[in-house]
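The values are calculated or read from the model by the stated rules, or taken from the named source; none is laboratory data. Please read these numbers as outputs of a predicted model, since none were measured by experiment. Cβ sites come from the backbone with ideal geometry, for glycine too, and all protein chains shown count toward neighbours.
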Amino acid sequence: MRVSRLMLVTLRDDPAEAEIASHKLLLRAGYIRRIGSGIYAYLPLLWRVLQKISAVVREELNAAGALETLLPQLQPAELWQRSGRWAGYTDGEGIMFHLEDRQGRELGLGPTHEEVITALASDLLRSYRQLPVNLYQVQTKFRDEIRPRFGLMRGREFIMKDAYSFHANEDCLKQTYGQMDQAYRRIFQRCGLRAVAVEADSGAIGGSASQEFMVTAESGEDLILAAGDGRYAANQERAVSLAPQAQPLEAAPTAARIPTPGQTSIDALCEAHGWHPTQLLKVLLLLARFEDGLQQPVLVSLRGDQQLNEVKLSNALSLRLAAEHGTLLDLQPLLPDEAAKQGLQAIPFGFLGPDLSDAVLLGGKSWAPRFERFADGTATDLKAFICGANQRDEHCVGARWEAFGGAPISDDLRAAQPGDRCVHDPSQILEASRGIEVGHIFQLGRKYSTALEATFTNESGVEEPLWMGCYGIGVSRLAQAAVEQHHDANGICWPTAIAPYEVIVVIANVKEEAQVELAERLYNQLRLAGVDVLLDDRPERAGVKFKDSELLGIPWRVVVGRGAADGQVELVQRCSGEKQDLSAEALESTLLPQLQLERRGIPLAEAP
Ligand code: ATP
Ligand code: MG
C-alpha cells in the first residue's frame, strides 16, 4: 500500500477528548475517529490490526476444536425473560440497548449471547453423542455502558470474540475450560501482550469458576492483587486475604455511652479519642433495588479499618433475596436526604450501631420496613468494640455482640487490600498492580440450560440440562491495550504479529530518481515475499515521514535516501530505535527471517 493512497491524517497535538496514551495515539496516528459517545469508526489501519488479532484468535480456537458461527445481534426479549435477565439488563443500571419493532415486540441489541446460543443448543443438541461442542463468533457487541471512556477500552459498540461450550458432564466442561485457558494464553502471547490470569467475579453472567486475563498497564481500570510467590492472583472485586490483626479493646465490664459530637467518621473518632480503627465497628447503610420493585435497606457491619467490597455484598444479597424478589438491579449507599424524602427522620446517620432498630424505617413511603443485616468476619470476630449508639452525637464503648443477641452470621464482605497477608500462605503479602481485562472465561454450569430447557439424553437414556462454559475476548479493547503496553514518546510500537503493516519503505526525497526507483523495487520485492509493506511515496520532507512512521508504529523502517545511488539503505527497528546500513541486496535476507520470528509473537526484545 502507498501512504499517498492511505487517507492518512495524523495529528501533531494530543486531542482534548483523550486521557490515556493509547487513546491519544490511536487518534493522532489515524487509527480511529470518534463518531459519538463510546462509538468509534475503525479506520483502515485499525481494521487491519483487528483482522490480524481476529486471525490469531481464529487459529487458536480452531486448533482447540471450536467451530465458528455468527449469531443474530437482534435478540427477542422473550429469550432474556426466560433466562431471567431481561429486567437486570434493561432496568436500573442495565446495559442492554433495547427497542420495539413495528409489531410492538421487544428486542435487545446483543451485549452477549448466552440466551441465543442456549436456545439453539436446546433445538440442536439432543444426545450425549453430539457432545462436547464449542461454538464461537467474532462480532460487534452493544452495551449502553454507564461510563464509556478511554476510546476502544470501554465502547458502547465494540468487537468481541465470544465462545460457548456444551457438555454432558462437569468434568468435560472443566477439561474444555482448561483448554480455553491454554488457548487464551497462546493468543495473548502471540499478540505480543504481557497478560496475567486472575480469579474473577462471575458477575451478571452467573455460574461458578471464572478467570480474567489482564494486560498489565498503569492505566488499567482493574486492580489486581497478587502474591509474590505467583500462587494467587485475583481481581480486587473477588480477592480474599487475611485482615490485619485487630488491637483488642481494653476490657470493660459494661458498655458505656460517651459523647462524640460531630464525630461521624472513623478518622475523626480515632483522632479525638486516641482509638485504633480496628477497635471500632463501622456500620454502613445501603439501599438495594430488586426486579419486583422491592427497595431494601441494607445494614452492613465491618471492622473500622476495613472497606466494603460492593461486589461481594451484591452477591450475598442476591443469594439471600433473588429467589423471591428477582434480579438485584442496583445497590447504592443510602444518603440522609433520600431518607428525608421517604419521610424518615429517625435514622442517626454517622452514629449507627449494628442494633439499629427496624422501627426507624416505619412510616417510610416505599422502602421495606426492616433491614437486611450483614456482617463481615472482621466485625463478628471482635470481642468488644466501639460503635455508634444509634443516637446523634453518641457512641458506645465496650459494646459486645452478646448484648445484641449474639454475633450475626458473617460473610466475606471486605475488600482485600495490597499489603494484606494471603490466605494460602500468611507469609505471602498481596501486591497491587493495574490491569486491562482483555478476556474472561467462565464455567457457567447449568444455569442457562435449566432456565431455557436445553436438555440432552445422557448415556442412561435420562434427560438432563447441558453443562455450559463461555469465553470472551475483547478484540477491539485488546488492540488498544497493545498500544497501552507498547508505545514511547514518539508513538506506537506495535508487536509485529498485530501491526497493520510490518515494514514501511520511506523514500527520503521523491524528487530523486534513484531513490524512487530503488524504493519501488524493494517495495515490490517485499510484497512478493508476502510482507505487509507500506511505501511512503508522499512529497513530504523526510523528517515528517520518519515522524509519521514512528507515530504509526510500523515495526521496521527501510529508508531509501542518499545511499540509493550506491544501492545502500538504512534499516531501523521501531521498538529499539536501532539502525543499520546495509545493501539493498541484503535487505530481504536480513529482514525475512526476523519477521518470521516476530510473526509468531516471540517477546519483543527491547520493547518499551
Ligand atoms: P468490564 O468488567 O470491563 O465491563 P465485562 O466483565 O462486563 O467487562 P465480559 O462480559 O466478560 O466483560 O466481556 C468479555 C470481554 O469483552 C471483556 O473481557 C472485555 O475485554 C471486552 N469488553 C467488555 N465490555 C467492553 C466494552 N464496553 N468495550 C470494549 N470491550 C469490552
Ligand atoms: Mg468480564
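Annotations
- Pairs with Cβ under 6 Å, 6+ apart, first in segment 544-573 and under 23 Å from L11 (Cα atoms), second buried (at least 24 other Cβ atoms within 10 Å of the Cβ) and basic (K, R): P555/R574
- Note on segment 518-535: among residues that are surrounded by 17 or more Cβ atoms within 10 Å (Cβ to Cβ) and closer than 26 Å to I53 by Cβ, the one that is nearest to the chain's Cα centre (by Cα) is D532.
- Residue within segment 453-463 that is under 23 Å from E218 (Cα atoms) and in contact with a helix residue (DSSP H, G or I) (Cβ under 7 Å, 6 or more places away or on another chain) present: no
- Test result for E212, surrounded by 21 or more Cβ atoms within 10 Å (Cβ to Cβ), within 15 Å of ligand 1 (Cβ to nearest atom) and charged (D, E, K, R): yes
Residues are listed down the side, and each one gets a yes or a no for (1) more than 26 Å from L50 (Cβ to Cβ); (2) basic (K, R):
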{"position": "I498", "(1), (2)": "no, no"}
{"position": "Y501", "(1), (2)": "no, no"}
{"position": "I507", "(1), (2)": "yes, no"}
{"position": "V516", "(1), (2)": "yes, no"}
{"position": "R538", "(1), (2)": "no, yes"}
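- Which listed residue is in contact (Cβ under 8 Å) with a residue 12 or more places away in the chain and not in a helix (DSSP H, G or I), from L71, L46: L71
- When R102 is tested against (1) more than 16 Å from ligand 1 (Cβ to nearest atom); (2) within 26 Å of V138 (Cβ to Cβ); (3) not in a strand (DSSP E or B), just one condition goes unmet, and that condition is (2).
- Search result, residues across segment 119-165 that are small (G, A, S) and either within 21 Å of Q75 (Cβ to Cβ) or surrounded by fewer than 21 Cβ atoms within 10 Å (Cβ to Cβ) (or both): A119, A121, S122, S127, G155, A163, S165
- Note on segment 417-438: residues that are charged (D, E, K, R) and either within 16 Å of ligand 1 (Cβ to nearest atom) or surrounded by 15 or more Cβ atoms within 10 Å (Cβ to Cβ) (or both) total 4.
- Test for V569: is it of a type in the set (V, I, T) and part of a strand (DSSP E or B): yes
- Qualifying residue in segment 319-335 (condition: surrounded by 14 or more Cβ atoms within 10 Å (Cβ to Cβ) and closer than 17 Å to D376 by Cα): yes
- For P465, the conditions (1) touching a residue at least 60 places away in the same chain (Cβ under 8 Å); (2) under 30 Å from S127 (Cβ atoms); (3) in contact with a Ser or Thr (Cβ under 6 Å, 6 or more places away or on another chain) are fulfilled apart from (1).
- Matching residues in segment 328-387 - criterion: being closer than 22 Å to E291 by Cα and in contact with a Lys or Arg (Cβ under 6 Å, 6 or more places away or on another chain): L329, D330, Q342
- Some residue of segment 421-440 being among the charged types (D, E, K, R), touching a helix residue (DSSP H, G or I) at 6+ places or on another chain (Cβ under 9 Å) and assigned by TED's automatic domain parsing to the domain that holds M214: yes
- There is no residue in segment 456-464 that is in contact with a Leu (Cβ under 9 Å, 6 or more places away or on another chain), on the phi < 0 side of the Ramachandran plot and in a loop (DSSP other than H, G, I, E, B).
- If you check Y164, Y177 for being in a helix (DSSP H, G or I), at pLDDT 95 or above, under 15 Å from A64 (Cα atoms) and within 16 Å of ligand 2 (Cβ to nearest atom), only one passes: Y177.
- Qualifying residue in segment 103-116 (condition: free of Cβ contacts under 8 Å to residues at least 12 places away in the same chain and out of contact with any helix residue (DSSP H, G or I) (no Cβ under 7 Å at 6 or more places or on another chain)): yes
- For M96, the conditions (1) outside the structural domain of A29 (by TED's automatic domain parsing); (2) surrounded by fewer than 17 Cβ atoms within 10 Å (Cβ to Cβ) all hold with the exception of (2).
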